[in-house]
Amino acid sequence: MKKGYFILAIIFFLISVSLAFYFFDFIDFPDLELLPGYAAMSLMRMSLAYFFALCFSLSCGYITATNKRARMFMLPSLDILQSVPILGFFPAAVLFFIGLIHGRPGVEVAAVFLIFTSMAWNMAFGVYESLTNIPKELVDAADSFGLRGWERLEHLTLPACVPKLVYNSIVSWSAGWFFLVASEIISAGSESYRLPGLGSFLIESTYSGKIALMLVGLSVLVIIILLLELFIWRPMQSWADRYNYDYSGESKPGEFIFDARVIKHSFRFIFKVFSKITVSVYIIFHRHKLIKNISKYLSYLILLSALGYVLYVLIISIIKLLLNLPDEAYSIPLAIVYSFIRLSAAYLICLLWTIPAAVFIARNKKASNILMPVMEVAASIPAIALFPVLVVVFLKIGSLELAGIILILLGMQWYLLFNLISGVKSIPKDMDNVAASFGIKGRLYWKKVLLPAMFPSFVTGSITAWGGGWNTLIVAEYIVFKGQEYHLFGIGYLLDWATFSSPDSNMVILSVLSMAVTIIFLNRVIWQPLYRKALTRYKFEA
Amino acid sequence: MLVEIKNVSKAYETNGNRIQALENINFSVEDNDFICIVGPSGCGKSTLLRIIVGLEKPTSGEVLFKGEVIAPDNPKVSMVFQNFALFPWLTVKENIELALAPMIAGEKEKDKIACKYVRAVGLDGFERVYPRELSGGMKQRVGFARALAVEPVLLCMDEPFSSLDALTSQNLKDELLMLWADKNMPPDAVIMVTHNVEEAVYMANRIIILSPRPGKIVADLKIELDRPRNRKDPEFYRWVDKVYSLIV
């Protein structure tokens with residue numbers, strides 16, 4: 001109830017602030033005229049990428065769940081793709097697609113591709129997990145009625161994916177906003193690759209010194225995100241509840257400010273149409289053996305040739321690189337170290353405030369009632385959209401280092417905070433009672449009860465926070481303001497510079513690869529062992 | 001003879017260890033049989049039932065339904081599950097209609113049959129309700145209606161009453177016995193897996209007792225008690241004691 005009203009209040013507040021700016025002549029109408037078009041273009045990019053991500057995740061998740069040979073190859077590659085911060089690939093993707101399609105369409109494709117890559121992997125995992133976790137009895141029941149082919153698809157396979165697909169769609173959209181704004185901002189660094197959209201609107205109005213206009217743009221972005229939350233995601237979540245297996249719980253009333261039956265029914269309708277289309281495509285491909293075989297071998301052919309091409313390009317460019325190493329290449333290791341130190345600093349600050357804050361919020365009902373909706377709304381703003389604000393701060397205080405760390409902090413903190421809060425909340429009441437009955441208090445309580453209990457959520461929060469941090473890094477280290485370039489030395493700077501200041505694909509590939517290797521290495525050496533430990537030792541038995 | 005279970009054995013392979021679950025099971029099911037399969041937990045009762053329905057293949061041996069090898073989607077054999085196995089995204093009626101979908105094309109006809117069996121299990125008025133809104137006993141009624149709607153000759157049940165409370169399960173048991181005795185309603189024969197000996201003696205006319213792993217048939221008893229059976233009858237308890245003595 002509360003959060004819905006709160007979101008509405010925020011939306012009205014933002015609209016009135018924007019109107020106030022307009023009426024008090026802080027901004028000119030001609031500038032504002034661009035805004036609806038720009039917003040529409042951003043939304044188009046998101047929807048297009050989401051559509052592709054949905055198709056990809058359904059087919060890829062289905063194949064991974066049903067084909068043993070495909071699983072051996074897909075699961076590890078999905079895992080790596082998920083853990084690598086993809087923003088680093090945007091410059092590489094821009095260069096690649098511009099090579100294929102010249103001019104702006106190439107950049108557009110690159111941006112949609114980038115957003116797609118930020119949306120697809122977790123959704124594919126969601127489909128895979130839902131398909132492998134269908135209760136055995138339900139599969140048996142379907143088998144015993146002889147539900148096969150399209151009937152099985154329509155009544156068992158697709159519905160089973162709905163809850164996780166909806167949950168992951170929400171996650172994917174918030175990641176998508178981040179990457180949309182980021183790709184628009186990054187490409188604004190170069191005149192020739194500009195992408196009109198909300199992100200570039202924000203950055204352009206900042207660079208031309210129109211701070212009020214930038215604030216209006218930011219409000220529009222936040223309003224769009226909140227409206228989607230209110231009218232798409234929340235009704236969708238309560239619609240998806242029907243597709244959960246959990247029989248025991250009474251149906252919880254959806255937390256919503258108005259009766260969402262119309263919206264829910266339209267979701268049901270859309271889902272029916274969607275599954276009918278999927279099913280008829282399936283029927284077309286399976287009715288005739290010939291078509292089935294042709295499509296099967298064709299898809300193998302396409303997949304293999306695409307893989308071959310990528311490998312070919314990669315090997316050729318690596319050979320070229322090794323034969324002819326650019327001078328800047330030697331600065332890459334140092335750049336990574338610099339970036340890593342910056343990230344660590346931001347991470348430490350995060351830990352310092354989120355751990356006590358999480359304990360306070362989780363333990364204090366009043367605080368949690370007031371603060372949670374505020375923070376959820378704040379967290380829904382992609383950290384990168386605050387980049388222009390960072391530019392302003394930088395111009396005020398003059399220290400790009402500090403401003404950069406603040407931006408990285410914004411990109412990291414919410415993951416940690418929300419994970420830690422749910423970690424504290426998941427401590428069984430009995431554990432606390434035991435501690436209280438033995439008189440365990442103060443430091444001993446923190447050391448022996450609270451911190452160990454928070455450990456699993458600390459690890460998952462940290463993994464996602466670092467992922468977000470690496471992504472934010474790419475924009476945090478490089479600013480072009482009024483033709484003047486400011487930068488912090490680091491891997492993000494090297495990447496942006498190599499793409500836009502002196503298009504040098506060798507340098508881009510080298511930077512991206514070394515960053516990806518570093519991150520995979522850190523994951524394997526630090527986070528995965530910690531995660532295993534968290535699962536085996538620090539988890540409460542259900 | 002309705003079903004023939006011939007020399008059925010089943011072995012699993014886990015972590016390189018071979019576990020013999022069932023060994024040389026032989027029996028046959030006649031028309032109007034009500035067979036209960038009992039045995040200690042882990043003896044392979046449920047596995048045997050799944051093999052009879054055709055959901056699992058035996059390692060050796062075969063199950064013949066009217067002389068032919070059983071297929072899992074044989075509409076003449078249907079199954080009731082311990083945890084109901086209702087599709088949470090379908091209403092009561094849609095759950096029943098889904099079971100009919102592979103054999104009946106007409107929407108009207110499906111609707112008619114579904115309504116008939118909703119009534120038969122006493123759920124009139126709940127056609128459009130989703131499973132999560134029903135109590136456990138009502139869910140299992142839907143499970144029965146769905147299994148009966150395909151008008152099976154043989155009804156197989158895997159501990160259908162064990163996740164219900166005592167009172168509800170007693171009512172359902174009596175209703176099921178009435179359906180079984182009714183010559184105009186399916187099914188002709190029932191096989192039920194249970195670990196509750198009293199339940200078995202109350203319902204079955206034959207009890208098959210399996211040994212601990214590997215499951216072998218220890219005894220195949222004909223229960224010669226008049227129906228309706230009375231749990232307070234000393235004769236009833238003689239049977240219960242007899243079955244217990246064979247299990248341990």
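The values are calculated or read from the model by the stated rules, or taken from the named source; none is laboratory data. The model shown is predicted, which means the values in this text are computed figures rather than measured ones. Because the Cβ atoms are built from the backbone with ideal geometry, glycine has one as well, and the counts that use them run over all protein chains shown. Keep in mind that these areas ignore ligands, DNA and RNA; they rest on the heavy atoms of the full protein, side chains included. Shrake-Rupley method; radii C 1.70, N 1.55, O 1.52, S 1.80 Å.
Side notes on the structure shown:
- Flag for B:Lys183 being assigned to a loop (DSSP other than H, G, I, E, B) and free of Cβ contacts under 8 Å to residues at least 60 places away in the same chain: yes
- For the condition of a type in the set (Val, Ile, Thr), open to solvent by less than 10 Å² (accessible area, probe 1.4 Å), facing another protein chain (nearest Cβ under 7 Å) and within 20 Å of B:Val29 (Cα to Cα), B:Val77 does not qualify.
- Test: residue in the range B:5-24 that is farther than 25 Å from B:Gly136 by Cα, of a type in the set (Phe, Trp, Tyr), within 14 Å of chain A (Cβ to nearest Cβ) and open to solvent by 10 Å² or more (accessible area, probe 1.4 Å): no
- Unique residue being without any contact (Cβ under 8 Å) to a residue 60 or more places away in the chain and open to solvent by 20 Å² or more (accessible area, probe 1.4 Å) when the list is A:Leu100, A:Leu131, A:Leu78, A:Leu95: A:Leu100
- A:Phe125 open to solvent by 40 Å² or more (accessible area, probe 1.4 Å), part of a helix (DSSP H, G or I), more than 14 Å from every other protein chain (Cβ to nearest Cβ) and not polar (S, T, N, Q): no
Table: residues versus (1) surrounded by fewer than 20 Cβ atoms within 10 Å (Cβ to Cβ); (2) touching a strand residue (DSSP E or B) at 6+ places or on another chain (Cβ under 9 Å); (3) at pLDDT below 80.
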position: A:Phe394; (1), (2), (3): no, yes, yes
position: A:Leu417; (1), (2), (3): no, no, no
position: A:Val434; (1), (2), (3): yes, no, yes
position: A:Phe438; (1), (2), (3): yes, no, yes
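- The set of residues in the range A:410-440 that are in a helix (DSSP H, G or I) and more than 25 Å from A:Ala378 (Cβ to Cβ) comprises A:Lys429, A:Asp430, A:Met431, A:Asp432, A:Asn433, A:Val434, A:Ala435, A:Ala436, A:Ser437.
- Taken together, the criteria exclude B:Ile113 from residues that are more than 12 Å from B:Arg146 (Cα to Cα), away from every other protein chain (no Cβ under 11 Å) and either in contact (Cβ under 8 Å) with a residue 24 or more places away in the chain or surrounded by 14 or more Cβ atoms within 10 Å (Cβ to Cβ) (or both).
- Residues that are in contact with an Asp or Glu (Cβ under 9 Å, 6 or more places away or on another chain) and assigned to a helix (DSSP H, G or I), drawn from the range B:147-171: B:Ala149, B:Ser169
- The range A:103-120, residues that are of a type outside the set (Lys, Arg) and open to solvent by 30 Å² or more (accessible area, probe 1.4 Å): A:Gly103, A:Pro105, A:Glu108, A:Val109, A:Phe113, A:Phe116
- Of residues in the range A:187-211 being hydroxyl-bearing (Ser, Thr, Tyr) and in contact with a strand residue (DSSP E or B) (Cβ under 9 Å, 6 or more places away or on another chain), the one modelled with the lowest pLDDT: A:Ser190
- Which numbered condition B:Met185 misses (of (1) away from chain A (no Cβ under 14 Å); (2) of a type in the set (A, V, I, L, M); (3) open to solvent by 60 Å² or more (accessible area, probe 1.4 Å)): (3)
- Considered as a group, the residues in the range B:80-102 that are within 11 Å of another protein chain (Cβ to nearest Cβ) and assigned to a helix (DSSP H, G or I) include one that is surrounded by the fewest Cβ atoms within 10 Å (Cβ to Cβ), and that residue is B:Glu94.
- A:Ile185 vs. criteria touching a helix residue (DSSP H, G or I) at 6+ places or on another chain (Cβ under 8 Å), touching a residue at least 60 places away in the same chain (Cβ under 8 Å) and either assigned to a loop (DSSP other than H, G, I, E, B) or farther than 24 Å from A:Ile11 by Cα (or both): yes
- Members of the range B:49-73 that are in a loop (DSSP other than H, G, I, E, B), under 17 Å from the mean Cα position of the chain (by Cα) and either at the interface with chain A (Cβ under 7 Å from one of its Cβ atoms) or more than 28 Å from B:Asn196 (Cβ to Cβ) (or both): B:Leu55, B:Ala71, B:Pro72, B:Asp73
- For B:Asp124, the requirement of being touching a Phe, Trp or Tyr at 6+ places or on another chain (Cβ under 7 Å) and either open to solvent by 10 Å² or more (accessible area, probe 1.4 Å) or without any contact (Cβ under 8 Å) to a residue 12 or more places away in the chain (or both) is not met.
- Residues (assigned to a strand (DSSP E or B), charged (D, E, K, R) and surrounded by 12 or more Cβ atoms within 10 Å (Cβ to Cβ)) located in the range B:198-236: B:Arg206, B:Asp220
- Flag: B:Asn26 does not match the condition of being within 27 Å of B:Val197 (Cβ to Cβ), part of a loop (DSSP other than H, G, I, E, B) and in the same structural domain as B:Val201 (by TED's automatic domain parsing).
- Total residues in the range B:193-221 satisfying the condition of being of a type outside the set (Gly, Ala, Ser) and over 12 Å from B:Cys36 (Cβ atoms): the figure is 6.
- Checking each residue in the range A:327-372 for being open to solvent by less than 20 Å² (accessible area, probe 1.4 Å) and of a type outside the set (A, V, I, L, M) picks out A:Ser339, A:Arg342, A:Cys350, A:Thr354, A:Ser368.
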